[in-house]
Amino acid sequence: MVSAPSCAVTGKLIPSCGAWWGIAPEIFTGTRVEEALHSAEARMGATADLVHVYHRGKELFPTKQEIRIARDPARPRLLLINWKPSLGHTWAEIAGGAIDDRIDRLAHHLRRTFPEEFFLTIHHEPENDVETAAESGMGADDYTAMFRHVVLRLRAKGVKNAVTVMTYMGAPNWATKSWFEELYPGDDVVDWVAMDPYADNRVHDFGSLVNKTREDFEEWPGFYRWMQWRFPGKPVMVAEWGVFERADDPAFKRAFFESVRSQVRRYPQIKALVYFDSPSAPRGDTRFDTDPTADRAFTELARDPHFRATRVPRP
């Protein structure tokens, strides 16, 4: 199916109409990603445009399963690949070339197996990993150097199809740190910016999710507002979002999903929305179908024309 000219997709995977609908399916269940995706899509009664997968260290990606997902002849999907290049080296060591052989091996794998465009985020949510001690190798400037080194080396080795994403936590307490602005690697190596907000007790609807504030951090305007000011020309991705159960408000998930549907068009810079579907996320259950009314609201959201305007290009 060819998209209408008014709903085209750019070379950086930016849809001109609406936004991509994505999911990280059935995380922490032990289910293989292909099965998890098909199960999640059946549960929500809609297909995803974008699938969020996670890799670390020496793992090569995309895997055979992930390639099948991307090349599904009935419904091709975009991959959002989340990679932590090393858990045994500091950011400064990676920037200094400590895992260049690993980066080169990955570049060879990508050139040989996967020419399609895909999203790549490198060591997402770095804020709570920053160490300010001198010579820690994990300072904000070290993160910037690491991100730049990985991207530039992949490009130098022939990887031209990675659409790069800088992913922040989206939490006010980290965003107000003195070193926060130093984390940004630079426009030349970042195509999209992203946040990973979750609906905790401070959140009541979609607007308060993407613009989280806190009384004890009054100077912080909210992530979407900050991104509008800081990155006016870049697309924004909500790369992880989830809604936790509330024992005192069983209808909260349903109401929240309804708020996303009614409010998302107020945030036109958001060009991708990727749900984190898990029975055991770090702070609770984010499955969208824990209640029949929540499930129906989520299905209606997934089928909304805002997320159906643009089709994923066929490989």
Quiz prompt | Spin-label pair residue 35/residue 285, simplified geometry with 7 Å Cα→Cβ offset, distance in nm | solution = 2.2
Self-check item: Semi-axis lengths (Å, descending) of the ellipsoid that matches the C-alpha gyration tensor of the range 166-292
Solution: 26, 16, 14
Quiz item: How far is the Cα center of the range 190-261 from the Cα center of the range 42-62, in Å?
Solution: 22
Quiz prompt | Nearest-20 debye value, the range 1-124 charge dipole, Cβ charges on Lys, Arg, Asp, Glu | solution = 140
Exercise. With label points built 7 Å along Cα→Cβ from the Cα atoms of residue 42 and residue 213, find their separation and express it in nm.
Key: 4.5
Quiz item: Which FRET efficiency value, to the nearest 0.05, do you get for residue 105 and residue 12 by plugging their Cβ-Cβ distance into 1/(1 + (r/R0)^6) with R0 = 30 Å?
Solution: 0.70
Quiz item: Could you give the length gained on full extension between residue 112 and residue 230, defined as 0.36 nm per residue of separation minus the Cα-Cα distance, in nm?
Solution: 38.8 nm
Quiz item: Per residue and in cubic angstrom, what volume does the convex hull of the Cα atoms of the chain have?
Solution: 131
Exercise. Would you calculate a helix-derived [θ] at 222 nm for the chain, using -39,500 (n - 2.57) for each DSSP H run of n ≥ 4 and dividing by the full residue count, to the nearest 500?
Key: -8500 deg cm²/dmol
Self-check item: 20 Å Cα-Cα threshold exceeded, pairs from 157/234; 12/234; 12/58
Solution: 157/234; 12/58
Quiz item: Which order results if 280, 86 are arranged by neighbouring Cβ count within 10 Å, fewest first?
Solution: 280, 86
Quiz item: What whole-number value in cubic angstrom gives the convex hull volume per residue for the C-alpha atoms of the range 135-206?
Solution: 113
Practice problem: With all distinct Cα pairs included, what does the Kirkwood hydrodynamic radius of the range 9-56 come out to in Å, to one decimal, could you say? | Solution: 12.0
Quiz prompt | Theoretical gain in end-to-end length, residue 161 to residue 248 [0.36 nm per residue, Cα-Cα removed] | solution = 26.7 nm
Self-check item: Computed FRET value (nearest 0.05) for residue 74 with residue 266, which takes r as the C-beta separation and R₀ as 45 Å
Solution: 0.85
Quiz item: Quick one: Debye curve from the C-alpha atoms of the range 36-143, no solvent, what's log10 I(q)/I(0) at q = 0.13, 0.19 Å⁻¹?
Solution: -0.59, -0.99
Exercise. Starting from the Cα of residue 255, step 7 Å along the direction of its Cβ; do the same at residue 204; then give the gap between the two resulting points in nm.
Key: 0.8
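Read the figures in this text as sums done on the coordinates, not as results from a lab. All figures in this text were calculated on a predicted structure; none of them were measured in a lab. Quick reminder, even Gly has a Cβ in these numbers, built from the backbone with ideal geometry, and neighbours come from all protein chains shown.
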